[in-house]
Amino acid sequence: MYDKIINDNKSWIDATFDKLNKKLSRTAVSSRYKIPYTTVNGVHDDRSSRPDTWTNGFWGGLMWLMYNATKNEDYKLTALESEKLMDKGFYEADKLHHDVGFMYHILDGANYRLTGDKAARNKDLLAAMSLMSRYNVEGNYIRSWNGKWYGEDNNGWTIIDCMMNIPILYWASEQIGDDRFKKIAIRYADMAMRDHVRPDGSVNHIVVHDTEIPDTVLGTKAGQGYAVGSCWSRGASWALYGFVLSYIHTKEEKYLDTAKKVAHYFISNLIADDWKPVVDFRAPEEPKYYDSTAGAIAACGLIEIAKNVSEYEKNMYLTAAIKLLKSLEENFCNWEENEDSILQMGTEMYTNGIHMPIIYGDYFFTEAILKLKGSDFLPW
Ligand code: GLY
């Protein structure tokens, strides 16, 4: 069934990949010495002066994805430049935060897994060790952010996004033959399953924990979504993809079941709006804000679910992923030469940064298309 659906959509998948390759092989050269976040008048900006920026791994990570798919050296050269710029993040260790998986695992970690580069492996291990150091042994969670978040103390906060950071811990355990990393990742996934994912499959972005008493929730926060109790769609997509990744790394069925539950909620909400993801699934109809990036991330997760469920379940998840990606391509992709970014209409959060290209949109859209092309390289 999986192969038949891929075959039925082959011409669209191939044509979309060709368009990606055409644009990215140009920007791989023109943006080689930058770390883009968005575009200004169609040209990539550059965030390399702030190596602690959580999104800074995506550009180089995207280059590694495309290098693996094409073996075009331009992609590799740009990925290596990105790594050099991101090395500076280790010079100020107190600025490192929970997002080191986004920043280093898909960058240096991808390099090591694709080329065997030992220095890149070492940096990925250092990133994993820094994530381990964020574990609160009394509260039993990995702390998010440093210092304050919009003026609030965040010592007890966890965020659903971190489900995408913990794969670096599974990897580190496997690399050094020490289960401690994996055990902390499992604790985090269990906490997120219990405290972030609601019974109906919607998701809390931020959960506030007691910092001294284990497994004690003090409340939740709207975070990047509309309100307390709403469902920020990118948060849901982090959960959807993150839980299937935890399943892949641990083979614990409960994580696959959780990914499926969030997927069912996500898909139901897409049907209401022609497969275009809004920023928050539980927000007023107007103003209508979209977030294409949530769709691209969810599509990656849906494809991985499809690969991991039984034969007669595959159709639903894979067909949903393809419908979602086709909607993103038709409604939100810009293939023009005068624009460096690809996926438009990303949104940073409900109250800020609305409808703009953001680098992780391009990253996950490309990762999803490469999965459909048959790539078995899983960067997470
Ligand atoms: N991890 C932060 C975000 O998704 O915007």
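The values are calculated or read from the model by the stated rules, or taken from the named source; none is laboratory data. What you see is a predicted model, and the numbers here were worked out from it, not measured in a lab. So basically every Cβ, Gly included, is an ideal-geometry build from the backbone, and we count neighbours across all protein chains shown.
Select from the stretch 84-108 the residues that are part of a helix (DSSP H, G or I) and either aliphatic (A, V, I, L, M) or surrounded by fewer than 22 Cβ atoms within 10 Å (Cβ to Cβ) (or both) and list them in ascending order.
The answer is K84, L85, M86, D87, K88, F90, Y91, A93, D94, K95, V100, M103.
Look through L62, L80 and report the one residue that is in contact (Cβ under 8 Å) with a residue 60 or more places away in the chain, closer than 17 Å to K34 by Cα, away from the ligand (no atom under 16 Å from the Cβ) and not in a loop (DSSP other than H, G, I, E, B).
The unique qualifying residue is L62.
Among the numbered criteria (1) in contact (Cβ under 8 Å) with a residue 24 or more places away in the chain; (2) on the phi > 0 side of the Ramachandran plot; (3) away from the ligand (no atom under 16 Å from the Cβ); (4) of a type outside the set (D, E), which one does G116 miss?
For G116, the failing item is (1).
Out of the stretch 244-277, which residues are within 16 Å of the ligand (Cβ to nearest atom) and hydrophobic (A, V, I, L, M, F, W, C)?
Correct list: L245, V262, F266.
Matching residues to (1) over 18 Å from the mean Cα position of the chain (by Cα); (2) surrounded by fewer than 22 Cβ atoms within 10 Å (Cβ to Cβ); (3) closer than 29 Å to W171 by Cβ:
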{"site": "A239", "(1), (2), (3)": "no, no, yes"}
{"site": "F243", "(1), (2), (3)": "no, no, yes"}
{"site": "S246", "(1), (2), (3)": "no, no, yes"}
{"site": "T250", "(1), (2), (3)": "yes, yes, yes"}
{"site": "Y255", "(1), (2), (3)": "no, no, yes"}
{"site": "T258", "(1), (2), (3)": "no, no, yes"}
{"site": "N269", "(1), (2), (3)": "yes, yes, no"}
{"site": "W275", "(1), (2), (3)": "yes, yes, no"}
{"site": "D280", "(1), (2), (3)": "no, no, no"}
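So is Y150 aromatic (F, W, Y), on the phi > 0 side of the Ramachandran plot and either in contact with an Asp or Glu (Cβ under 9 Å, 6 or more places away or on another chain) or loosely packed, with under 15 Cβ neighbours inside 10 Å (or both) or not?
Yes, satisfied.
Determine which single condition G156 fails, assuming it passes every other condition in (1) within 14 Å of the ligand (Cβ to nearest atom); (2) surrounded by fewer than 24 Cβ atoms within 10 Å (Cβ to Cβ).
Among (1) within 14 Å of the ligand (Cβ to nearest atom); (2) surrounded by fewer than 24 Cβ atoms within 10 Å (Cβ to Cβ), the lone unmet condition for G156 is (1).
Go through the stretch 92-134 and give me each residue that's aromatic (F, W, Y) and either under 17 Å from M164 (Cβ atoms) or at pLDDT below 95 (or both).
Selection gives F102, Y104.
Contact list please: Cβ distance under 7 Å, first residue in the stretch 1-29 and more than 15 Å from Y75 (Cα to Cα), second residue modelled with pLDDT of 95 or more and not in a helix (DSSP H, G or I), pairs at least six apart or on different chains.
From the stretch 1-29, the pairs are K19/W335.
Looking at the structure I just gave you, is T53 within 16 Å of the ligand (Cβ to nearest atom), of a type in the set (S, T, Y) and out of contact with any Gly (no Cβ under 7 Å at 6 or more places or on another chain)?
For T53, the condition - within 16 Å of the ligand (Cβ to nearest atom), of a type in the set (S, T, Y) and out of contact with any Gly (no Cβ under 7 Å at 6 or more places or on another chain) - is met.
Determine the pairs where a residue that is in contact (Cβ under 8 Å) with a residue 40 or more places away in the chain, located within the stretch 347-372, has a partner that is of a type in the set (D, E) and surrounded by 22 or more Cβ atoms within 10 Å (Cβ to Cβ) with Cβ atoms under 7 Å apart, the partner being 6 or more residues away or on another chain.
T347/D291; Y350/D280
Looking at L126, is it surrounded by fewer than 19 Cβ atoms within 10 Å (Cβ to Cβ), under 22 Å from the mean Cα position of the chain (by Cα), not basic (K, R) and not in a loop (DSSP other than H, G, I, E, B)?
Yes.
Would you please name the residue that is farthest from the chain's Cα centre (by Cα), looking only at residues in the stretch 319-360 that are among the β-branched types (V, I, T) and within 16 Å of the ligand (Cβ to nearest atom)? Steps first, answer last, please.
If we filter the stretch 319-360 for residues that are among the β-branched types (V, I, T), which is where we start, we get 319, 322, 342, 347, 351, 354, 358-359.
Imposing the further condition that a residue be within 16 Å of the ligand (Cβ to nearest atom) reduces the set to 347, 351, 354, 358-359.
Numbers: T347: 14, T351: 21, I354: 19, I358: 12, I359: 11 Å.
Checking each candidate, the answer is T351.
Tell me which residues, restricted to the stretch 192-237, are touching an Asp or Glu at 6+ places or on another chain (Cβ under 7 Å) and charged (D, E, K, R).
E212, R234, listed by residue number.
Is there a residue being surrounded by fewer than 16 Cβ atoms within 10 Å (Cβ to Cβ), modelled with pLDDT of 95 or more and under 22 Å from the mean Cα position of the chain (by Cα) anywhere in the stretch 180-196?
Yes: one or more hits.
Count, please, the residues in the stretch 55-83 that happen to be more than 17 Å from L20 (Cβ to Cβ) and crowded, with 24+ Cβ neighbours inside 10 Å.
Number satisfying all stated conditions: 3.
Among the listed residues K307, K261, identify the single one that is at pLDDT 95 or above and more than 13 Å from L240 (Cβ to Cβ).
Sole residue among the options that is at pLDDT 95 or above and more than 13 Å from L240 (Cβ to Cβ): K307.
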